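**Student:** Take a look at this one; I'll ask things after.
The values are calculated or read from the model by the stated rules, or taken from the named source; none is laboratory data. These numbers were taken from a predicted model, which means no experiment stands behind them. Glycine gets a Cβ as well: all are built from the backbone with ideal geometry, and neighbour counts include every protein chain shown.
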Amino acid sequence: MNGAREAQAMWFAAVLVLPVAFLTLFRVDDLRIDAAQRRNADLVASAARDQALLAQAPALERERAALDSALHVVALDAKPTRMVALFVRDAAKVAAAHHTIVTSIAASAPPAPTPPFDSVALDLSIEGRYADLLATLRDLTRMRVLATVDVTALGRKDAAANARLVASVHVVLSRLAPTGVPHAGAGSA
């Protein structure tokens, strides 16, 4: 009988212990598989985001090239005399294109420097019809020289029924200051 009891105990152990051990092993493997599937899903999502970014690359390269060419058009590193010469030449072209006349140009005191820029200030008188003056003023800020344009006065050329106006304009031309050269307005520390 002892042998029969041992056989029963073995069956009992096999029926209870082996399934519990078997389920435990499979549960551990299931957890490991679930974690691997989550990592794989994260990698797939990351790859999809990367692919979306890569798809935008040609458009971003075109935009970068356009911005780069636009930046090279602006004379940010010109010497002050070249900057003024470029502005005067381009201002004459803009005025002619809009049927206005630049009647005078005079140097004026530049504003205090604002690093990293140096500036040159000019006062202009421009004559023309109102719509033409507006177009000229707009285009003065879109030239090779970085320019800030402020209208200081606007009036009729004469008291007659003339449709021509004269605009007094203050222009500040800016350029990048040479590196290593302190700005005129910068104090010593």
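**Student:** Here's a check for you: in segment 167-185, which residue that is of a type in the set (S, T, N, Q) and at pLDDT below 90 is nearest to Leu86 (Cα to Cα)?
**Tutor:** Among those that are of a type in the set (S, T, N, Q) and at pLDDT below 90, it is Ser174.
Every residue, every condition in (1) modelled with pLDDT of 95 or more; (2) basic (Lys, Arg); (3) surrounded by 12 or more Cβ atoms within 10 Å (Cβ to Cβ); (4) out of contact with any His (no Cβ under 7 Å at 6 or more places or on another chain), yes or no:
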position	(1), (2), (3), (4)
Ala96	yes, no, yes, yes
Pro115	no, no, no, no
Gly128	no, no, yes, no
Arg138	no, yes, yes, yes
Thr141	no, no, yes, yes
Arg144	no, yes, yes, yes
Ala147	no, no, yes, yes
Leu165	no, no, yes, yes
Gly187	no, no, no, yes
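**Student:** Let me ask you something else. If I filter segment 149-163 down to residues being at pLDDT 85 or above and hydrophobic (A, V, I, L, M, F, W, C), which single residue comes out as surrounded by the fewest Cβ atoms within 10 Å (Cβ to Cβ)?
**Tutor:** Among those that are at pLDDT 85 or above and hydrophobic (A, V, I, L, M, F, W, C), it is Ala153.
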